[in-house]
Amino acid sequence: MFTSLAFPFHQVKKWDFSFASVWNAIVWIMLLNFFIQIVNATSRRYLKKQQEKELATFIGKS
């Protein structure tokens, strides 16, 4: 009556996390965060310079 399943419940694979793989994931997340902060700071500095230029031209015209 019952057919055999492709993956029987008693043979389910367990995730094999090692300390090294968890450590590597943490390091990658920290590196990505670091590079995102660099890009964010660079773009903020660029936008601030653009706003200062616009403000200087606006004040100079009036």
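Figures for the structure shown
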quantity: Within segment 13-62, tally of residues that are modelled with pLDDT under 95 and under 15 Å from the mean Cα position of the chain (by Cα); calculated: 0
quantity: Selection status of Ser4, under 29 Å from the mean Cα position of the chain (by Cα), among the small types (Gly, Ala, Ser) and at pLDDT below 95; calculated: no
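The values are calculated or read from the model by the stated rules, or taken from the named source; none is laboratory data. What you see is a predicted model, and the numbers here were worked out from it, not measured in a lab.
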